[in-house]
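Read-outs throughout are calculated quantities, based only on the coordinates presented, and are distinct from any laboratory measurement. Keep in mind the model is a prediction, meaning the values are calculated, not measured. Backbone-built Cβ (ideal geometry, glycine too); neighbour counts: all protein chains shown.
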Amino acid sequence: MGKVVHFEIHVSDMEQAKKFYGEVFGWTFEDWSEYAGMPYFGATTGSRDEIGIDGALMQRQSAPPEPNQALNGFACTMGVEDYDSTEAKILENGGKVAMPKYALPGMAWQGYYLDPEGNIFGIHQPDQNAK
C-alpha cells in the first residue's frame, strides 16, 4: 500500500516557520540540511505512541503560492484537543483563517488556515456533538 510516511512544508523563512509550528503545535526540529543539501529541518510532530507522521520544513525552491489560487499539493490536517485555543495560537503567531471553523456533524470541528509562509493546513478536533 502507499501509506503516507513523511510530509514536507516548503518555506522561505525557516526560522519563522520553525517558530510558528513549534509555538502552535509543539513540534520540535532537527537540522538535516547536511543530508538534504539545502536548509531542511526534520519535524517531530508528537510522541512515537501517537497516531500520525513526522515530516520536515524544507527551503522553498520557487515563489510562494499566490492567495486564492487552487491548491497544488496536499493539505496537512493536524488533530487538536481544543480547536478554539489552537486557532488563537495560530492567529497570535501570524497565521490567517483560510476557511473558518465548521462542523462535520456528529464527528468533529474542522477549519483551514494559512501559515505565515502562505501554506494551507487544517486543524481537526474530534467531537461527536459537533453540528
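Ordering A43, G94, A130 by the projection of their Cα atoms onto the charge dipole of the chain, which places +1 on the Cβ of Lys and Arg and -1 on the Cβ of Asp and Glu, puts A130 at the extreme positive end.
On a per residue basis, the convex hull of the C-alpha atoms belonging to the chain measures out at 135 Å³. Working note: Debye formula, equal point scatterers on the alpha-carbon atoms of the stretch 39-86, no solvent; log10 I(q)/I(0) at q = 0.14, 0.30 Å⁻¹ is -0.57, -1.16. Each of the peptides 69-77, 37-45, 119-127 was scored by the mean count of other Cβ atoms within 10 Å over its residues; in descending order, highest first, they stand as 119-127, 37-45, 69-77.
Given a cut-off of under 8 Å on Cα pairs at least six residues apart, what relative contact order in percent is computed for the chain? Once normalised by length, the contact order is 23 percent.
Computed over the alpha carbons of the stretch 55-131, Rg followed by Dmax gives 13.4, 43 Å.
Taking label points 7 Å from Cα along the Cα-to-Cβ direction, D82 and E50 give a separation of 1.5 nm.
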